[in-house]
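Heads up: the structure comes next, in structure tokens.
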Amino acid sequence: MSPEDPQETQPLLRPPEARAPRGRRVFLASFAAALGPLSFGFALGYSSPAIPSLRRTAPPALRLGDSAASWFGAVVTLGAAAGGILGGWLLDRAGRKLSLLLCTVPFVTGFAVITAARDVWMLLGGRLLTGLACGVASLVAPVYISEIAYPAVRGLLGSCVQLMVVTGILLAYVAGWVLEWRWLAVLGCVPPTLMLLLMCYMPETPRFLLTQHQYQEAMAALRFLWGSEEGWEEPPVGAEHQGFRLALLRRPGVYKPLIIGISLMVFQQLSGVNAIMFYANSIFEEAKFKDSSLASVTVGIIQVLFTAVAALIMDRAGRRLLLALSGLVPIAGEPVDVHVELAWLAVGSMCFFIAGFAVGWGPIPWLLMSEIFPLHVKGVATGVCVLTNWFMAFLVTKEFSSVMEMLRPYGAFWLTAAFCTLSVLFTLTFVPETKGKTLEQVTAHFEGR
């Protein structure tokens, strides 16, 4: 049967509406996979408390100057960009489960290198390794969770990826209050080690097992996760084993979701979230928040709370509505030019911005990335999206200060507001609603079936 045969695309088992699954182990498996994003968030947040600690307590060979400190924070994004490429390659060859297990190695190794560092190069090398693991985890965890979840809870579980990321960041900020940089790195080894132990007992995703023609194993995994086979719609299995080919880009079922996925990642970063986080300390200092750790924890708590809200309402409100509302909130919440007499307004608008971003543009691009690609191109397509996201994160973070000098603060924030407006128009025009749909129905939408 050829890949183009329309009969191949028809579901082979009973429709998903037959009866909603009620298995609970899917939540345990999702939690185990989400420990990867928790580790990823901790690695991102590590530099904020670690840099002041290194400057205060480290021996002379490890003292960070301004240039080394900036690289210590930014090199993670470069490692993560490489991890996006590696994760896309691993996803289709090693599988979803093994890819998650393998990414624990650079996580633990990276933090161990930082712990044992004797010079600045070891610090940067450790950060690069943790960044590599971040790239793999940020790609594989959403895919694993989306492929094991049944439609009624896929939005909830998929949003927990971003929830665990911001929880990891908050954990690093809070732990940084009481731990110096070396013991903070030791703590960073705990989440990936726990993920390694839990994921050993979790199954591979049924969809990946079917692409490997392991039907019995796929059904066993499904029964483990869902409790039964009720509600399962078997995906087409014919073209997957051929992998990605450039000729596939002519098909609407491939190029349409790829354009949407890349655009979502670009708009997420052009919203200015990393720039706002970079500018946060200055805003809080002007508002007489002299304790930068307190400022960081405050922002972290806001992110966690509103990302949790997004997870709870995702499967009721839908992806499109939350994206549109989230794109409108930052336009009103862009931080104003900071003056002492308006400090409360600057702080309030920044918190408003972070809350709006956390409800939509924080979690949903990662969730949609895991939902919209057909099986046979998922590895390459998600790899391109993750690479785009991390490259844009590096570019925005590195160039924001230059934009601030050129356009002044208010001009830079108006520029990001314009990008937020474009993101809303793009969402309403091109992004389909995936709430309550099986992954096969999403693929059929793009193929015009």
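Taken together, the values in this text are just the output of simple stated rules run on the coordinates, not laboratory data. What you are looking at is a predicted structure, and each value in this text was computed from that prediction instead of being measured. When we count neighbours, we look across all protein chains shown, and the Cβ atoms used for this are built from the backbone with ideal geometry, even at glycine.
Things worth noting here:
- Gain upon complete extension [E405, R93; 0.36 nm per residue less C-alpha separation]: 107.7 nm
- Note that the range 36-111 shows a convex hull volume over its alpha carbon atoms of 92 Å³ per residue.
- Computed extension gain for W414 through A61, at 0.36 nm per residue and net of the alpha carbon distance, reaches 122.9 nm.
- Taking C189, C420 and counting other C-beta atoms within 10 Å, the order from fewest to most: C189, C420
- Low-density loop positions, trypsin sites (Lys or Arg not before Pro), the range 23-94 - DSSP coil, at most 13 other Cβ in 10 Å: R24
- FRET E, pair Q212, I259, Förster distance 30 Å, beta-carbon r, rounded to 0.05: 0.55
- Tensor-based shape of the range 23-228 (alpha-carbon gyration tensor, a/c under 1.5 rounded, otherwise prolate or oblate): prolate
- With both labels modelled 7 Å from their Cα along Cα-to-Cβ, the E433 to L246 distance reads 3.9 nm.
- Pairs beyond 26 Å (Cα-Cα), from K378/K437; K398/K435; K97/K378; K378/K398; K256/K398: K398/K435; K378/K398; K256/K398
- Chain lengthening between L294 and V178 when straightened (0.36 nm per residue, less Cα-Cα): 40.5 nm
- Ranked list, fewest to most other Cβ atoms within 10 Å of each Cβ, for L124, L407: L407, L124
- Summarising the label geometry, the points placed 7 Å from Cα in the beta-carbon direction at L28 and M122 lie 4.0 nm from one another.
- Phi angles of the range 180-187 translate, via the Karplus equation with coefficients 6.51, -1.76, 1.60 and θ = phi - 60°, into HN-Hα couplings of 7, 4, 6, 6, 5, 5, 4, 4 Hz per residue; Gly and Pro are given as x.
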